[in-house]
Amino acid sequence: MYATERRELIERVLLEEARVSVTELAERLGVTTETVRRDLAVLEEHGALRRVHGGAVAPDRGSAAEVDLRERMRRGGAAKAAIAKRALDGLGRGFTGSVLLDAGSTTGALAEQLPGRGDVHVVTHSVVLAAGLTAAGYTELTTIGGRIRGITGAAVGAGAVAAIEALRPDVAFIGANGLSAAFGASTPDPEEADVKRAIVHAARRVILLADHTKFEVESLRRFAALDELDVLVTDEAPTDALAEALTAADVEVWIA
């Protein structure tokens, strides 16, 4: 395989998964890790990716970068649907109680599967999720207001944080832009981080929904340490330092 072909393949993988590993690419391409690193260096020079420890991420994955919700909803739909379905096992059979849904594309996939799950009262600060649940005929719904961030459709600000702090939901389903052994769960925007932190502290049980492309990614603002999470639901098993850190923090890992 020529260098141009390798680099085109690397770009396709990045488009689909938003992250690549040097060792995995070397095995897939049948070349040495040194060759892969050279390819990544060339692609970085052309702005096609950003190199990180052990591999590379899409150029929109900087610590302060944020992808529009509509674009995120188009990425990894099957994985997100599977994660959402597995996460709903956290409610158990015959669940009767309250659920707090964070804004996001994976929690959005979960919201699509909620109707018909029984007596579940949903609270959310996402106007997108609230509109979808309302359109589906869901009646047990409370929305939290605030300034709406157009990029995520989430209500943020002091009012939203105060409203969440006054609640005690049974289960919170929350998303993240990054999850790492050293930094925990993170997101780029400070106001969204404040809301997510309030959700984590308010809920009796916190279930994080994050696909493998979020692993060892560190966005600008941490909103939860690993030991503040109860369950991680994902599409691939974490490895190395993240796997060890999750075990040490007593976080259950569920694979969709």
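The values are calculated or read from the model by the stated rules, or taken from the named source; none is laboratory data. Just so it is clear, the structure is predicted and the values come from calculations on it, not from any experiment. Counting neighbours? That spans all protein chains shown, and the Cβs are built from the backbone with ideal geometry, glycine included.
Structure values in brief
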{"item": "Failed criterion for residue 131 (all others in (1) outside any helix (DSSP H, G or I); (2) of a type in the set (A, V, I, L, M, F, W, C); (3) under 23 Å from residue 116 (Cβ atoms) hold)", "result": "(1)"}
{"item": "Among (1) in contact with a helix residue (DSSP H, G or I) (Cβ under 9 Å, 6 or more places away or on another chain); (2) surrounded by 22 or more Cβ atoms within 10 Å (Cβ to Cβ); (3) at pLDDT below 95 - the single one residue 214 does not satisfy", "result": "(1)"}
{"item": "Cβ pairs under 9 Å, 6+ apart, first in the stretch 33-55 and free of Cβ contacts under 8 Å to residues at least 12 places away in the same chain, second among the hydroxyl-bearing types (Ser, Thr, Tyr) and assigned to a helix (DSSP H, G or I)", "result": "33/23"}
{"item": "Residues located in the stretch 54-87, provided they are modelled with pLDDT of 80 or more, of a type outside the set (Lys, Arg) and either touching a strand residue (DSSP E or B) at 6+ places or on another chain (Cβ under 8 Å) or more than 17 Å from residue 177 (Cβ to Cβ) (or both)", "result": "54, 55, 56, 57, 78, 81, 82, 83, 84, 87"}
{"item": "Exclusive hit being small (Gly, Ala, Ser) and at pLDDT 95 or above, set 111, 185", "result": "185"}
{"item": "Scan of the stretch 1-27 for residues that are touching a helix residue (DSSP H, G or I) at 6+ places or on another chain (Cβ under 8 Å) and among the basic types (Lys, Arg), ordered by number", "result": "6, 7, 19"}
{"item": "Matching residues, the stretch 94-126, being surrounded by fewer than 20 Cβ atoms within 10 Å (Cβ to Cβ), assigned to a helix (DSSP H, G or I) and not polar (S, T, N, Q)", "result": "112"}
{"item": "Any hit, the stretch 82-93, residues being more than 25 Å from residue 150 (Cβ to Cβ) and outside any helix (DSSP H, G or I)", "result": "yes"}
{"item": "The one condition in (1) out of contact with any Asp or Glu (no Cβ under 9 Å at 6 or more places or on another chain); (2) more than 19 Å from residue 95 (Cα to Cα) that residue 186 fails to fulfil", "result": "(1)"}
{"item": "Residue identified as in contact with a His (Cβ under 9 Å, 6 or more places away or on another chain), among the small types (Gly, Ala, Ser) and surrounded by fewer than 20 Cβ atoms within 10 Å (Cβ to Cβ) among 137, 157, 150, 145", "result": "145"}
{"item": "Residue selected from the stretch 88-108 under the condition within 17 Å of the chain's Cα centre (by Cα) and either more than 17 Å from residue 206 (Cβ to Cβ) or aliphatic (A, V, I, L, M) (or both), by the criterion modelled with the lowest pLDDT", "result": "105"}
